[in-house]
Amino acid sequence: MSTSDFPPLAATPLLRAVGVSKSFPGVRALSNVGIELRAGEVHALTGENGSGKSTLSKIIGGTYQADEGFIELDGQRVDITSPSVALDHGIVTISQELTLAPTLTVAENIFLGRLPRGRLGIVDWGRLNDAAADVLRGLNVTLDPRAIVDSLSVELQQNVEIARALSTKGRLLILDEATSSLSEAATDRLLEIVEEQRRAGTAVLMITHRMAEVYRSATIATVLRDGKLVRTAPLDQTPEADLVRLMVGRELVDYYGTRTSDIGEPVMTVHELRSRDGSLRPTSFQLRRGEILGVAGLVGSGKAEFGLCLAGALPATGEVRVNGAPVSLRSPRSALAGGIALVPDDRRRQAILPGRSVTDNFTISWLRELSVHGLLRTSAARRRVAEAIRRYGVITASDATHINMLSGGNQQKVVLGRNFSRGCDVFVLSEPTRGIDVGSKSQVYALLHEMVALGASVILISSELPELLGMSDRILVFYQGAVRAEFDSADDLDEATVNHVAITGVAYQEEGVVG
């Protein structure tokens with residue numbers, strides 16, 4: 001974005017954080033960090049998972065209070081002691097961590113605490129639902145305001161979270177990985193809204209691991225590493241490679257890694273796999289040993305259901321064989337017994353035990369082999385967990401640390417490591433790098449190459465096309481519940497080619513339509 005598109009910024013920052021420090025048990029999350037945010041400016045806050053970005057945003061948004069330092073708003077010191085106090089000051093946060101009330105309706109969540117009432121103090125449900133519909137329409141989201149939030153997909157819930165924040169019309173908008181659960185189309189719309197907010201004079205603090213979003217929307221970036229301020233730099237003078245180097249403290253020479261082994265014979269054969277609810281139409285394919293099969297498609301295309309059906313998490317019919325033996329798809333447990341393991345896309349709700357330790361989150365998959373007469377051999381468990389922490393590069397104060405105290409990237413390493421240690425033939429990974437930084441992504445990619453070199457096969461379901469193009473040996477593209485195209489890694493592929501199939505359901509080449 002050109003700086004000529006911006007009106008002159010005010011000399012006085014809208015918000016200034018000065019000398020902010022914050023510690024948690026065993027962790028120094030922030031150390032003497034400062035940042036200035038101006039009205040009409042999009043300011044990117046970047047760094048690896050665990051660098052302190054979310055901690056700083058939560059201090060500004062009132063979820064945490066700083067141990068040291070202070071915050072000024074319009075040049076005056078303020079005490080932001082809670083999210084409600086932040087909201088009173090016009091500070092609104094959209095986070096990847098959903099804060100919705102699951103049993104309430106979409107409209108109730110959007111206007112929670114601000115429900116319109118009639119003369120007798122009774123909620124005006126008609127006015128409430130109409131107002132919610134207006135906000136959703138501005139996001140290009142088609143959703144019944146009366147729908148119960150718990151019945152919605154993760155992406156739709158994220159859209160409700162965004163709608164609630166935008167309905168408050170704040171002065172400072174904090175986006176903390178707000179696009180991590182959104183499709184490309186929904187992400188584009190949100191970034192358009194960010195630009196509209198910026199032009200209206202709103203200050204925007206953007207936290208995202210997607211470099212394309214940073215360079216599309218922001219003009220300045222503050223880089224944190226290990227809880228310390230590295231640099232605040234104008235983006236028009238900072239190439240992406242330099243920004244990444246500032247974030248990770250080193251050069252990422254081989255981001256996606258390289259294959260070190262050959263692809264073998266078919267390990268899994270799938271015939272006429274379909275979901276009972278009709279979201280996945282009959283699908284047949286083969287997966288070869290040591291292969292990474294990428295799966296692309298928009299939200300609702302069937303790609304997510306494809307993974308859930310394969311792993312027994314969504315009722316399905318059809319025939320699946322691993323190493324020639326039939327696999328029951330009655331449940332994830334039966335699919336696992338047949339050699340298929342699933343890493344779901346919603347890490348926080350479906351993959352981790354948030355109130356339990358790193359040890360508990362690893363050993364939940366090893367209880368049978370680590371137990372004698374129903375009692376866990378704690379010494380053996382701790383030795384194995386210590387080995388897993390080293391092998392999978394998990395950064396944690398100790399194995400007793402609650403997993404919710406870890407960064408998103410380190411939580412995902414626990415989930416992946418726990419599953420990779422099962423020794424399955426096939427791993428179905430749904431959005432495995434969602435919400436994690438570039439350094440952690442590179443480590444995850446290295447783990448995938450290590451697993452396929454050991455003979456495992458991977459089905460990589462992802463919304464990030466660069467990831468699929470960089471990692472996959474083949475790519476299947478889903479559209480309206482069915483595979484509409486298959487591309488080999490040897491093909492001269494680009495994002496536009498894959499996107500065309502995902503959006504239209506038709507494959508093409510320069511010389512004409514081929515599918």
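The values are calculated or read from the model by the stated rules, or taken from the named source; none is laboratory data. Predicted model only: the values in this text are computed from it and were never measured. We place every Cβ from the backbone using ideal geometry, glycine too, and count neighbours over all the protein chains shown.
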| request: With respect to GLU155, determine if the residue is touching a residue at least 24 places away in the same chain (Cβ under 8 Å) and closer than 19 Å to LEU205 by Cα. | output: no
| message | Please verify whether VAL92 is in contact with a Leu (Cβ under 6 Å, 6 or more places away or on another chain), touching a residue at least 24 places away in the same chain (Cβ under 8 Å) and closer than 27 Å to SER23 by Cα, treating the condition exactly as stated. | response | yes
| field | Matching residues in region 292-309 - criterion: being modelled with pLDDT of 95 or more and among the β-branched types (Val, Ile, Thr) | value | ILE292, VAL295
| request: Take region 452-469 and flag every residue that is farther than 16 Å from SER430 by Cα and surrounded by fewer than 19 Cβ atoms within 10 Å (Cβ to Cβ). | output: ALA453, LEU454, GLY455
| said: If I filter region 258-268 for residues that are farther than 25 Å from PHE306 by Cβ and under 23 Å from the mean Cα position of the chain (by Cα), do I get at least one hit? | reply: no
| Are any residues in region 114-138 part of a loop (DSSP other than H, G, I, E, B) and in contact with a Ser or Thr (Cβ under 9 Å, 6 or more places away or on another chain), and if so, which ones? | ARG114
| task | Restrict the check to region 418-436 and report whether at least one residue is modelled with pLDDT under 90, surrounded by fewer than 18 Cβ atoms within 10 Å (Cβ to Cβ) and of a type in the set (Lys, Arg). | result | yes
| request: Looking for whichever is in a strand (DSSP E or B), touching a strand residue (DSSP E or B) at 6+ places or on another chain (Cβ under 8 Å) and of a type in the set (Ser, Thr, Tyr) here; the options are SER21, SER57, SER51. Which one fits? | output: SER21
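Residue-wise test of (1) in contact with a Cys (Cβ under 7 Å, 6 or more places away or on another chain); (2) over 23 Å from GLY435 (Cβ atoms); (3) outside the structural domain of ASP437 (by TED's automatic domain parsing); (4) buried (at least 17 other Cβ atoms within 10 Å of the Cβ).
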site: GLU196; (1), (2), (3), (4): no, yes, yes, no
site: THR202; (1), (2), (3), (4): no, yes, yes, yes
site: MET211; (1), (2), (3), (4): no, no, yes, yes
site: ALA221; (1), (2), (3), (4): no, no, yes, yes
site: ARG225; (1), (2), (3), (4): no, no, yes, yes
site: THR232; (1), (2), (3), (4): no, yes, yes, no
| Is one or more of the residues making up region 73-91 within 27 Å of LEU243 (Cβ to Cβ) and under 28 Å from the mean Cα position of the chain (by Cα)? | yes
| message | Return the residues of region 73-96 that are acidic (Asp, Glu) and either in a helix (DSSP H, G or I) or under 19 Å from ALA44 (Cα atoms) (or both); say none if nothing qualifies. | response | ASP88
| request: Check off (1) modelled with pLDDT of 85 or more; (2) in contact with a helix residue (DSSP H, G or I) (Cβ under 8 Å, 6 or more places away or on another chain) for ALA186 and give me the number that stays unchecked. | output: (1)
